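Note sheet for the following structure.
The values are calculated or read from the model by the stated rules, or taken from the named source; none is laboratory data. Just so it is clear, the model here is predicted, and its values are computed rather than measured. Note: ideal-geometry Cβ built from the backbone for every residue, glycine included; neighbour counts use all protein chains shown. Note: accessible area is taken over every heavy atom of the protein model, side chains too, but ligands, DNA and RNA are not part of it. Shrake-Rupley method; radii C 1.70, N 1.55, O 1.52, S 1.80 Å.
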Amino acid sequence: RRKLHDVKFGIALGALNSHFHVDATDEAERLGYESVWLPEHLVLPVRMSRSPHPGDEHPPVPPTTPVFDAFAYLGFLAGRTRHVRLGTHVYNLGLRHPFISARAVQTLDVLSDGRVEFGIGAGWLEEEWRAVGLDFDTRGRRVDEAIEVCKRLWTEPEVAYDGEFFRFDAVAFEPKPMQQPWPPILIGGESGAALRRAARAGDGWIGMGHTFESAVGQIARLRELRGEYGRDAPSFQICLGGPVTSADDVRRWEEIGVTRLIVSPWRRSPEAIDGMRRFADLVRLEPRTEGSQSD
């Protein structure tokens, strides 16, 4: 089928009951979706406040929501697939020492033959930070240091570091990731601080659910910030969720600068496979056949 667009399409596994993750990934691989995206929390406290959605006061998930180790789960999915990329949407980087995060990403990237998209965030759930004994108010600075350490571990033969949160003498870190200089680091969040971090240190930005109107302002601000930081490379990714009801919608997203839409074209989890097939037809995805090459 003739391509209508250059926008890539990923599947939001977090919008599904976890019992359907494997089937949805298998079907995403077959239908030609570019990626699947797994949400992540280290722990969900029983009492939660705040929300990742600006203006909302209540958490969007109950504390009994099933949660899995993102890299163990994505590693399992990597072993079932050959083409579809594997993303975190998003990983709470500041809750771990960067040695842990860098090793998990490196391992998945090597074993998947370079299919990792490393979506990260500073986190919105204050009680999760309290549960592990970390100061929620320093999360942004901690994430900034962790990004810097990970990048150095992935690219340098020896790394020593003396920061505010992380300090260590020279270490070696091998092997390096398959993707060089590192797997794409996509920074999530809608706040001014998140946009600045994405523009300054990210290879892309992951937004939340948007309308065309709401996305335009965020994308324009990212362009402005990237110019300020001297980082206007065209390879910068803009990933978000948004409505697609026609090919014209896809073109409109592309025109405002979106490079990937992370979609969940179903109302209920049991309807996911049928919804993915209808959406694939709508946007003219090319089904993969046995022996086809990865994009």
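For this structure, a couple of remarks:
- Whole-percent carbon and sulfur share, accessible surface of the chain, 1.4 Å: 51 percent
- DSSP assigns beta bridges within region 90-206; of those with both partners inside it, close to 25 percent run antiparallel.
- Three-way shape call for region 165-295 based on the alpha-carbon gyration tensor, with the a/c threshold at 1.5: oblate
- √(5λ) per eigenvalue of the Cα gyration tensor, region 1-150, largest first, Å: 28, 19, 15
- Loop sites here are GluC sites (Glu not before Pro) outside DSSP states H, G, I, E and B with no more than 14 other Cβ atoms within 10 Å. The longest part of the chain free of them is 165-289.
- Contact order normalised by residue count of region 159-295, Cα under 8 Å, 6+ apart, percent: 16 percent
- The translational diffusion coefficient of region 111-177, from Stokes-Einstein at 4 °C and 1.567 mPa s with a Kirkwood hydrodynamic radius over alpha carbon pairs, comes to 94 µm²/s.
- Taking each residue as 0.36 nm, the span from residue 138 to residue 252 lengthens on full extension beyond its C-alpha to C-alpha distance by 37.2 nm.
- Between helix 212-228 and the chain: long-axis angle, C-alpha atoms, 0 to 90°, nearest 10: 40 degrees
- Rounded accessible area per residue of region 172-295, 1.4 Å, Å²: 50 Å²
- Only one item in (i) 17.2; (ii) 14.3; (iii) 15.4 matches mean projected area of the Cα convex hull in nm² derived from the coordinates shown, and that item is (iii).
- DSSP-assigned coil residues among trypsin sites (Lys or Arg not before Pro) in region 199-295, each with at most 16 further Cβ atoms within 10 Å: 231, 267, 268, 284
- Extension gain, residue 167 back to residue 22 (0.36 nm per residue minus Cα-Cα distance, nm): 48.3 nm
- Cα-projected label distance for residue 221 with residue 148, points at 7 Å along beta-carbon direction, nm: 2.4 nm
- A DSSP coil position with no more than 15 other Cβ atoms inside 10 Å describes the following chymotrypsin sites (Phe, Trp or Tyr not before Pro) in region 103-212: 166.
- Between the helical axis of 21-31 and the longest alpha-carbon principal axis of the chain there is an angle of about 60 degrees.
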